[in-house]
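**Q** Before I ask anything, here is the structure I am working with.
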Amino acid sequence: MFSSSQSLERLIREFSKLPGIGRKTAQRLAFWVLKRDPKEVRELADAIREAREKVRACSICFNITESDPCEICRSERRDRSAICVVEEANDLLALEKTGEYKGLYHVLGGALSPLDGIGPEQLHARELIERLKSDEVKEIIIATNPNVEGEATAAFLAKLIKPIGVKVTRIARGLPQGSDLEYADNTTLGQAISNRRDY
Amino acid sequence: MFIQNLKLTEFRNLKNAEIEFSPEINLIVGSNGSGKTNILEALFYTGSGRSFRTHLDENLANTDSEYFRIEASGKMGEHEVHVEIGVEPGKRKIIKVNSSPIHKLGELFEYFRLVEFSPYDLEIVIGSPSVRRRYISITIAQLDPPHVAVLSDYHKTLSQRNALLKSFEETPRLSSSQETSLAVWDEKLAVHAVQIHESRKSYIHKIADIAADFYRRISGSEEYLKIEYNPSPNLEHFTAENFCEKLASRRQREIAMGQTMYGPHRDDIKFYIDNLEAKSAASQGQIKTAVLSLKLAQYEYLKQKLERLPIILLDEIFSDLDKNRLDFVMNLLPGLGQSFITTSKLSEVNNLEIFKSKFEVERGIPRRLKEQS
């Protein structure tokens, strides 16, 4: 069913392009917009445009930033001897929230997936190797996802970096905090056992 | 272990059915197309999330329905188990055990373990290798549920590697970065291939003798059943290193074909009767005996490993097996734990007294048969 107004129809179409939004939800969102104060709607539109225009990728680590290089790359309090490699900027955000890590980052922009046409050239892998040319970096921590594609990407990077003589580590896989052993799935539990550490 | 209650919604021709079973021997009577085999199929599905007749879930939903639902409750030792499976073909299966959702299919294999024997199983001997691979995958998963995750990672890696090979089609000489990419996928594939190879090799090795023994007892002859694993590639030492080497030896061909030429996705299992390959040389009767022996060996080995009696499903054995084979199975039955047997005619069954519960299915509606006095 198509709505009677062309501009409303256009808005619904635009909303339904958003991830996870189907036609029904798009319709709901569009009607919500129509009921709002025009000033409020303008603010939303401005926020979307401003974010898109001002936010870009850091030219060093490819994190999203408004100032280039990004805050982390510029910071003097960060440990410049370690670079943690992640697939997406979301992953960086998640790691930052922990407050555990004080080093630098490198956002690959995805993982190797020949099925989706993603090879090393489609990722920011060469730029990572470039960063290792200064002797500052002593360790690369690979924090790609623990799935088939993420593991292949980790192995690929290790093959590239090891000959340069920089230490390569992979984040540990194990048990979630606050859970019971008996409820853990076998794969996770198996890995937690084989990757155990001294106490 | 046993299944006490089964509830089906929109499952094949069983639109809405609920059945209470006996923990011992159950008989299901129904004419062709009544839905009796569908009940066995649904029971099997509660243990593996799969059918033994089709690998397409679309075929399992009632023709008027977009989805189907199976609920089974029973016991494993002291523990109550309640399995709920909701399937909308094309979407992710929703599986719950004791009301908690299961996210990995492998976890479902921890509960009801079922061994099935039906006329469809002749395909294991005479059908294509993919039928045998499917059978052995499900069977090993029953013994070792994490095997499901290994298979899934292997197949994901395989698709990725094939896509990479295809992308090299027009490349006369690989760049060093392309070489490295391929090496990464080779190594990942090799790790999973070795795991699958070892599971299959050890399983077939373990059941081959048990099956040969059943074959001799059922046939009452000196014929010798040999079950042999035919792995791809056939290496003396199946290590990740040797596997990668084998892949490298066919690299040009792999790139030309856009396909991985070696690996467990090309495995086969061979059946020989007195050293003649059963697929081409055996009689219908010999093949039936071979499959029955394979299934009984599977049951026996599962029982030893689990230290519990698996559930056994026997479809149409009265019309399908001759008297000797049938007598053999009927004599085993009382020692096998919970079992489900179908027949199209009640008159085919001699010793009705061993069946603790009897059901009749008519056009998708099951009902309990009253005890005859």
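The values are calculated or read from the model by the stated rules, or taken from the named source; none is laboratory data. No experiment lies behind these values; they were computed from the predicted model shown. Cβ: placed from backbone, ideal geometry, glycine included. Neighbour counts: every protein chain shown. Accessible surface areas use protein heavy atoms only, side chains included; no ligands, DNA or RNA. Shrake-Rupley method; radii C 1.70, N 1.55, O 1.52, S 1.80 Å.
**Q** Points 7 angstrom from Cα along the Cβ direction at A:ALA47 and A:PHE31: gap in nanometres?
**A** Distance between the two pseudo-spin positions: 2.3 nm.
**Q** Indicate, rounded to the nearest 5 percent, the antiparallel portion of the DSSP beta bridges found entirely in chain B.
**A** So the antiparallel bridges amount to about 70 percent of the total.
**Q** Can you compute the FRET efficiency between B:HIS79 and A:ASP180 using 1/(1 + (r/R0)^6), with r the Cβ-Cβ distance and R0 = 22 Å? Round to the nearest 0.05.
**A** That gives a FRET efficiency of 0.85.
**Q** Let me ask another. Any idea what log10 I(q)/I(0) is at q = 0.20, 0.23 Å⁻¹ for region B:251-373, Debye with uniform C-alpha scatterers and no solvent?
**A** Debye output, listed in q order: -1.22, -1.38.
**Q** Now, a different point. Treating region A:6-54 as a set of equal point scatterers at the Cα positions, no solvent, please give the Debye-formula log₁₀ I(q)/I(0) at q = 0.18, 0.31 Å⁻¹.
**A** -0.60, -1.12
**Q** Please tell me which of these pairs span more than 31 angstrom C-alpha to C-alpha: B:LYS305/B:LYS356; A:LYS167/B:LYS156; B:LYS7/B:LYS156; B:LYS93/B:LYS188; A:LYS102/B:LYS96?
**A** The pairs that break the limit, which is 31 Å between Cα atoms, are B:LYS7/B:LYS156; A:LYS102/B:LYS96.
**Q** Sorting B:TYR301, B:TYR111, B:TYR154 by accessible area (1.4 Å probe), largest first, what list results?
**A** B:TYR111, B:TYR301, B:TYR154
**Q** While we're on this one: Give me the compactness ratio for the protein assembly as shown, meaning the Cα radius of gyration over 2.2 N^0.38 Å.
**A** Working it through for the protein assembly as shown, the quotient is 1.19.
**Q** Heavy-atom accessible surface, probe 1.4 Å, ligands and DNA/RNA ignored: which residues of region B:134-172 lose at least 40 Å² versus the isolated chain?
**A** B:GLN160
**Q** For region B:128-304, I need the span (max minus min coordinate) of the C-alpha atoms along each principal axis, in Å, sorted largest to smallest.
**A** If we take the Cα atoms of region B:128-304, the spans are 63, 33, 24 Å.
**Q** Also, quick follow-up: Give the dimensionless ratio obtained when the Cα radius of gyration of chain A is divided by 2.2 N^0.38 Å.
**A** Compared with the compact-globule rule of thumb, chain A sits at 1.33.
**Q** Compute the Kirkwood hydrodynamic radius of region B:319-373, taking the inverse of the mean of 1/r over all pairs of distinct Cα atoms, and give it in Å to one decimal.
**A** It is 12.8 Å.
**Q** Another question about this same structure. Using only alpha carbon positions, build the gyration tensor of region B:58-107, then give the equivalent ellipsoid semi-axes as the square roots of 5 times its eigenvalues, largest first, whole angstrom.
**A** In descending order, the three semi-axes are 24, 13, 7 Å.
**Q** What is the calculated FRET efficiency for B:SER128 to B:SER347, with r their C-beta to C-beta distance and R₀ = 45 Å, to the nearest 0.05?
**A** For B:SER128 and B:SER347, the calculated efficiency is 0.75.
**Q** If I build a Gaussian network model for chain A, linking alpha-carbon pairs within less than 10 angstrom, which residue out of A:ASN63, A:ASN145, A:ASN186 has the largest mean-square fluctuation?
**A** Greatest mean-square fluctuation among the candidates belongs to A:ASN186.
**Q** Ok, one more. Taking just the alpha-carbon atoms of region B:89-171, what radius of gyration and Dmax come out, in angstrom?
**A** 16.7, 54
**Q** Right, next: From the helices alone, meaning DSSP H stretches of at least four residues, give me the mean residue ellipticity at 222 nm for the protein assembly as shown, per-run term -39500 (n - 2.57), in deg cm²/dmol to the nearest 500.
**A** -13500 deg cm²/dmol
**Q** Label B:ASN98 and A:ILE171 with points 7 Å out from Cα along Cα→Cβ: what is the distance between them in nm?
**A** Spacing of the two 7 Å Cα→Cβ label points: 3.2 nm.
**Q** Probe radius 1.4 Å, ligands and nucleic acids left out: which of A:SER81, B:SER22, A:SER194 has the largest accessible area, and how do the rest follow?
**A** Heavy-atom accessible area, descending, gives A:SER194, A:SER81, B:SER22.
**Q** With both partners inside the protein assembly as shown, how many of the DSSP beta bridges are antiparallel, as a percent to the nearest 5?
**A** 60
**Q** Can you flag which of A:LYS138/A:LYS162; B:LYS104/B:LYS303; B:LYS201/B:LYS270 are past 18 Å Cα-Cα?
**A** B:LYS104/B:LYS303
**Q** How much length is gained if the chain between B:ALA281 and B:GLU66 is pulled fully straight, taking 0.36 nm per residue apart and subtracting their Cα-Cα distance, in nm to one decimal?
**A** 73.0 nm
**Q** How many square angstrom of accessible surface are buried between B and A, both sides summed, with a 1.4 Å probe and rounding to 100?
**A** So the total buried area for this chain pair works out to about 1500 Å².
**Q** Rg(Cα) of region A:78-170 divided by 2.2 N^0.38 Å?
**A** My calculation over the Cα atoms of region A:78-170 gives 1.02.
**Q** Something else: Answer with one residue from B:LEU151, B:TYR135, B:VAL115: the one whose Cα lies farthest towards the positive end of the charge dipole of region B:37-169, charges on Cβ with Lys, Arg +1 and Asp, Glu -1.
**A** My answer, from the dipole projection, is B:LEU151.
**Q** Now for a separate question. Of the residues B:LYS305, B:LYS358, B:LYS36, which exhibits the maximal mean-square fluctuation in a Gaussian network model of chain B defined by a 10 Å Cα contact cut-off?
**A** Checking each option, the largest mean-square fluctuation is seen for B:LYS305.
**Q** Can you tell me the convex hull volume per residue for region A:21-109, based on C-alpha atoms, in Å³ to the nearest whole number?
**A** Spread over its residues, the Cα hull of region A:21-109 gives 138 Å³ apiece.
**Q** With every protein chain left in place and a probe of 1.4 Å, what is the accessible surface of B:HIS265, to the nearest 10 Å²?
**A** Roll a 1.4 Å probe over it and B:HIS265 shows about 40 Å².
**Q** Enumerate the calculated ³J(HN,Hα) couplings along region B:205-214 in order (Karplus 6.51 cos²θ - 1.76 cosθ + 1.60, θ = phi - 60°), each rounded to whole Hz, writing x wherever the residue is Gly or Pro.
**A** 4, 6, 8, 4, 5, 4, 5, 4, 5, 4
**Q** What does the accessible area per residue of chain B come to in Å², with a 1.4 Å probe and no ligands, DNA or RNA counted?
**A** On a per-residue basis, chain B sits at 46 Å².
**Q** Ignoring solvent entirely, what values of log10 I(q)/I(0) come out of the Debye formula for region B:1-63 at 0.15 Å⁻¹ when each Cα is a single scatterer?
**A** Log10 of I(q)/I(0), two decimals: -0.46.
**Q** Residue-wise, which Karplus ³J(HN,Hα) couplings in Hz belong to region B:279-290, taking 6.51 cos²θ - 1.76 cosθ + 1.60, θ = phi - 60°, and x for glycine or proline?
**A** For region B:279-290, the Karplus-derived couplings read 3, 9, 10, 8, 7, 3, x, 5, 5, 4, 5, 4 Hz, x marking Gly and Pro.
**Q** Given a 1.4 Å probe and every protein chain left where it sits, what share in percent of the accessible area of the protein assembly as shown is carbon and sulfur?
**A** Answer for the protein assembly as shown is 49 percent, counting heavy atoms of protein chains only.
**Q** Given the options B:GLU223, B:GLU116, B:GLU353, which has the most mean-square fluctuation in a GNM of chain B, springs set between C-alpha atoms less than 10 angstrom apart?
**A** Maximum among the listed residues: B:GLU353.
**Q** How large is the accessible surface of A:SER5 in square angstrom, using a 1.4 angstrom probe and rounding to the nearest 10?
**A** That residue has around 40 Å² of solvent-accessible surface.
**Q** Could I have the simple spin-label model distance between A:ILE129 and B:ASP144, label points 7 Å from Cα toward Cβ, reported in nm to one decimal?
**A** In this crude label model, A:ILE129 to B:ASP144 measures out at 3.8 nm.
**Q** What do the square roots of 5 times the Cα gyration tensor eigenvalues come to for chain B, in whole Å, largest first, as semi-axes of the equivalent ellipsoid?
**A** Semi-axes, largest first: 39, 26, 18 Å.
**Q** Right, another one. Express in % the proportion of alpha carbon pairs of region B:1-115 at distances exceeding 23 Å.
**A** Counting pairs separated by more than 23 Å, the tail of P(r) holds 23 percent.
**Q** Determine the gain in length on full extension of the stretch A:GLU136-A:SER5; use 0.36 nm per residue of separation and subtract their C-alpha separation, reporting nm with one decimal.
**A** That pair, A:GLU136 and A:SER5, stretches by 41.1 nm at full extension.
**Q** Could you give me the ³J(HN,Hα) list for region B:363-368, computed from phi with Karplus coefficients 6.51, -1.76, 1.60 and θ = phi - 60°, whole Hz, x at Gly and Pro?
**A** Coupling constants for region B:363-368: 6, x, 10, x, 9, 6 Hz.
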